[in-house]
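The values are calculated or read from the model by the stated rules, or taken from the named source; none is laboratory data. Nothing here was measured: the structure is a model prediction, and the numbers come from that model. Cβ atoms come from the backbone with ideal geometry, glycine included; neighbour counts cover every protein chain shown.
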Amino acid sequence: MTLTRRQALVAGAGAVVATALPFGMPAFASEEDTQKHIMEFTGGKTPEAGKITLDAPEIAENGNTVPIGVTVDSPMTADSYVESVILLADGNPSPGVATFNFTPMSGTAAATTRMRLAKTQNVVAVAKMNDGSVFMDQKQIKVTIGGCGG
Amino acid sequence: MISRRDFLVASAAVAGLAGPGLTGSWSRAAAQQALTEDDLLGMQGYGNVTLLHLTDLHAQLMPLYFREPSINLGVGEVAGLPPHLTGKDFLQRFGIEAGTPEAYALTSEDFVSLAKTYGRMGGVDRIARIVKRIRADRPDNTLFLDGGDTWQGSYTAQQTQGQDMVEVMNALGVDAMTAHWEFTYGTDRVTELVDSLPFPFLCGNVYDAEWDEPAFKAYEMFERGGAQVAVIGQAFPYTPIANPRYMIPNWSFGIREEDVQANIDKARAEGAELVVLLSHNGFDVDRKLASRVTGLDVILSGHTHDALPDVIQVGQTLIVASGSNGKFVSRLDLDVRDGAVHGYSYNLIPVFSDVIEPDADMTALVTQLREPFAADLARELGRTETLLYRRGNFNGTFDDLICQALLSQRDAEIALSPGFRWGTSVLPGQAITFEDVHNATAMTYPAAYRSSMSGQMLKDILEDVGDNLFNPDPYYQQGGDMVRVGGMGYSIDPTAAMGSRISDMTLLSTGEPIQADRDYIVSGWASVNEGTEGPPVWDVVENHLKENPVVSVEDTSSVKVKM
């Protein structure tokens, strides 16, 4: 079986939703909420893969402060630049984490931040270019109880 | 103790069984009735570079018994592939006859009787002999690399905070090392020991958490046999998750695949003709990494304690798995010319302590290092009628003994014991010594806590550890075995999705299902949380043995595996 990262993410996301329900968890965001946020940001366009890279650990060392980086491949000229990037976490009480706005004067479209993750979930980054095209990357980040490796 | 003569006689007894050898000549030698040191070490040199790899020694200075797993499942695309083969399947895959020395060394098949036949394995004085002999033969060609998990796992290492192992490894003449359990001595002690090393401590994937700068040197260039060799170190990526983060708060880890690639490229640009990753990733992570980076010739893989008699090739990368506890030293000879590898020859050298001559200088050093603790180490705490072992995905009889001790000494309903892969074996009829107990428990966060946990919390823990072991993407695995459980049974489907592998959780004392909203009294040890209170687990086990000096632990049937 060949499981690509993307397939693994889809499978993982399904599992999170399926297991969250019977345990009576508080109202966490869902995949649908996250989709809604993405669509609002893109104006209804489905983002393509590519151009944007999300840099995040596979397993968080500390769920309270997870380092996340995004970079977007763009010349950042007046003709072609990244307007903004949103970061979403589909398992937090509210999916919105951060919005970064850029101009051609930014030079490069790159940003880092730290975010809190309540549990294992997907983190999504979407970039909007000045020509209206949109790109997405995502990664599952595990938040574990820890302590039994070795 | 078995003498060399006994070993030879035993080998003669299995002569009729022995088949063709795999990579070395030791199987044939056994078939010819006399296994000698020359059979194990007299291989022809090949090429111009010899890599010697020792990993996951876990501070075991003396020859020992260590039973390999009978269950070591792989999930997803690695199901049924080495190292996820055990017993007869393993023997068949590598063409090994049952009953031979290599069957004893590499599997759990017929372990007790073969242990009595072939004796203990390992011992750093035997390892010193191997390293010296190969270096004498290949003085300008040999690199000796330590894959980590070297400074922890014994009473003497615990008492000296790793100092005994540093002295031993210095005497062995290590050329470079990487690390995992070393970090559990905490930032100050690790820094102190690393500063004292006469060789580089390589961890390309460890960063200063505050400044996001490399915390250690990533790689070292060596010249061997006229070739430039780059050795990149890769520490265990999940050290601050699997072990206490509060002990090393300023270091951040991770697989950091992009950094591995960047370091390979940098080393190549500096003229490296052979690029080696000295890795504590674990085998499945290394196999995936090999498929995703370019320009990496060799991965010397550690952490998951797998011993494979052949290299596994992924693309252009050769992966070597050298076992644990000093049972094996790997030798990989490479023909490196014009910036490329043109061929290789591999031997997984089994350290049969009754066949390999101890190195006198190292024997003297080990005796000196153990002398202050000798009386304690030899103290007999009890006797076992059954084999005590740890390694395996779901349970081990030594862990069952620890769980029994936690249940009775801490008056708990349920006991949890971590799924570590270190810890030596004790044969039926042997005394359980103070040293044996510490070989199974020696660590810097040993408090045996007693606390209340809901059934939901217990399920979350089992699911969490289950996913660390069985996530189909190796990059999400941590490489330990399943947490051991006393007083509770459960079923597990390793192939199910995250969060839904565990079912049928049952309180064994009543036979009732575990209820999500009920609280249970739980005792366990090795919590990664700061401020955990309780007596050290070795005291709990010692007290239990005082009250129950005759131990008999059969393999548990309380964990059911569904696939």
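Every listed requirement among (1) more than 14 Å from every other protein chain (Cβ to nearest Cβ); (2) buried (at least 21 other Cβ atoms within 10 Å of the Cβ); (3) touching an Asp or Glu at 6+ places or on another chain (Cβ under 7 Å); (4) part of a loop (DSSP other than H, G, I, E, B) is met by B:M362 save one, (4).
Only residues that are acidic (D, E) and closer than 16 Å to B:F253 by Cα: list them for the range B:209-224, please. Matches in the range B:209-224: B:E210, B:D212, B:E213. Residues that are surrounded by fewer than 18 Cβ atoms within 10 Å (Cβ to Cβ), within 25 Å of B:P472 (Cα to Cα), among the acidic types (D, E) and within 14 Å of chain A (Cβ to nearest Cβ): does the range B:84-91 have at least one? No, the range B:84-91 has no match at all.
For B:T184, the stated conditions do not hold, so it cannot be described as at pLDDT below 95 and either more than 16 Å from the chain's Cα centre (by Cα) or not assigned by TED's automatic domain parsing to the domain that holds B:G87 (or both).
Return the residues of the range B:159-184 that are within 14 Å of chain A (Cβ to nearest Cβ) and assigned to a helix (DSSP H, G or I); say none if nothing qualifies. Walk me through how you get there before you give the answer.
If we filter the range B:159-184 for residues that are within 14 Å of chain A (Cβ to nearest Cβ), which is where we start, we get B:179-184.
Within the range B:159-184, B:W181, B:E182, B:F183, B:T184 meet the criteria.
Checking B:S291, B:S279, B:S324 one by one, the residue that is outside the structural domain of B:G479 (by TED's automatic domain parsing), on the phi < 0 side of the Ramachandran plot and in contact with a helix residue (DSSP H, G or I) (Cβ under 7 Å, 6 or more places away or on another chain) is B:S279 and no other. Each residue in the range B:484-507 was checked for being facing chain A (nearest Cβ under 10 Å) and within 24 Å of B:A440 (Cα to Cα), and 1 pass. Looking across the range B:127-154 at every residue that is under 23 Å from B:T304 (Cα atoms) and in a strand (DSSP E or B), the one that is farthest from the other protein chains (Cβ to nearest Cβ) is identified as B:L143. Within the range B:198-227, residues that are modelled with pLDDT under 95 reach partners that are in a loop (DSSP other than H, G, I, E, B) and surrounded by fewer than 20 Cβ atoms within 10 Å (Cβ to Cβ) with beta carbons closer than 8 Å, at six or more positions or on different chains, in the pairs B:A209/B:P249; B:A209/B:N250; B:E210/B:N250. Only residues that are within 14 Å of chain B (Cβ to nearest Cβ), hydrophobic (A, V, I, L, M, F, W, C) and closer than 30 Å to B:A526 by Cα: list them for the range A:100-150, please. Of everything in the range A:100-150, those that are within 14 Å of chain B (Cβ to nearest Cβ), hydrophobic (A, V, I, L, M, F, W, C) and closer than 30 Å to B:A526 by Cα turn out to be A:L117, A:A118, A:I141, A:V143, A:I145, A:C148. So, of the residues in the range B:416-436 that are of a type in the set (S, T, Y) and part of a loop (DSSP other than H, G, I, E, B), which turns out to be farthest from the other protein chains (Cβ to nearest Cβ)? The residue in question is B:S425. Is there a residue in the range B:389-408 that is in the same structural domain as B:I248 (by TED's automatic domain parsing), hydrophobic (A, V, I, L, M, F, W, C) and more than 29 Å from B:L106 (Cβ to Cβ)? The answer is no, given that none of the residues of the range B:389-408 is in the same structural domain as B:I248 (by TED's automatic domain parsing), hydrophobic (A, V, I, L, M, F, W, C) and more than 29 Å from B:L106 (Cβ to Cβ).
A quick yes/no check of all residues on (1) within 26 Å of B:A105 (Cα to Cα); (2) of a type in the set (D, E):
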position: B:P372; (1), (2): no, no
position: B:L387; (1), (2): yes, no
position: B:E435; (1), (2): yes, yes
position: B:Y445; (1), (2): no, no
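Of all residues in the range B:225-241 being aliphatic (A, V, I, L, M), out of contact with any His (no Cβ under 9 Å at 6 or more places or on another chain) and under 22 Å from B:S252 (Cβ atoms), which is nearest to the other protein chains (Cβ to nearest Cβ)?
B:I241
The residue that is farthest from the other protein chains (Cβ to nearest Cβ), among those in the range A:46-65 that are surrounded by fewer than 21 Cβ atoms within 10 Å (Cβ to Cβ) and in a strand (DSSP E or B), is A:E48. For the range B:443-483, the set of residues classified as within 12 Å of another protein chain (Cβ to nearest Cβ) and in contact with a Gly (Cβ under 6 Å, 6 or more places away or on another chain) consists of B:Y449, B:E463, B:P472, B:Q478, B:G479, B:G480, B:D481, B:M482, B:V483, listed by residue number.
Conditions (1) buried (at least 21 other Cβ atoms within 10 Å of the Cβ); (2) within 19 Å of B:F90 (Cα to Cα); (3) at pLDDT 95 or above; (4) of a type in the set (S, T, N, Q), marked per residue:
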| residue | (1), (2), (3), (4) |
| --- | --- |
| B:I312 | no, yes, yes, no |
| B:F328 | yes, yes, yes, no |
| B:G343 | no, no, yes, no |
| B:F352 | yes, no, yes, no |
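Residue check: A:V123 meets all listed conditions (1) more than 28 Å from B:T239 (Cβ to Cβ); (2) in contact with an Asp or Glu (Cβ under 9 Å, 6 or more places away or on another chain); (3) in a strand (DSSP E or B) but one, namely (1). Say whether the condition of being away from chain A (no Cβ under 14 Å), surrounded by 16 or more Cβ atoms within 10 Å (Cβ to Cβ), within 29 Å of B:L73 (Cβ to Cβ) and out of contact with any Gly (no Cβ under 8 Å at 6 or more places or on another chain) is met by at least one residue in the range B:508-520. The answer is no; no qualifying residue exists. Can you find a residue in the range B:462-477 that is under 26 Å from the mean Cα position of the chain (by Cα), modelled with pLDDT of 95 or more, surrounded by 23 or more Cβ atoms within 10 Å (Cβ to Cβ) and at positive phi? No: zero hits.
Out of the range B:185-210, which residues are of a type in the set (D, E) and either part of a loop (DSSP other than H, G, I, E, B) or surrounded by 21 or more Cβ atoms within 10 Å (Cβ to Cβ) (or both)? Lay out the reasoning, then the answer.
First pass over the range B:185-210, keeping only residues of a type in the set (D, E): B:188, B:192, B:195, B:208, B:210.
Result: B:E210, single match.
The residue that is nearest to B:I248 (Cα to Cα), among those in the range B:507-563 that are in a strand (DSSP E or B) and free of Cβ contacts under 8 Å to residues at least 24 places away in the same chain, is B:P513.
Checked against (1) within 14 Å of chain A (Cβ to nearest Cβ); (2) farther than 18 Å from A:D55 by Cβ; (3) among the hydroxyl-bearing types (S, T, Y), B:T191 passes all but condition (1). Give the residue that is farthest from B:A440 (Cα to Cα), with candidates limited to residues of the range B:386-415 that are hydroxyl-bearing (S, T, Y) and in a helix (DSSP H, G or I). In this case the residue turns out to be B:S408.
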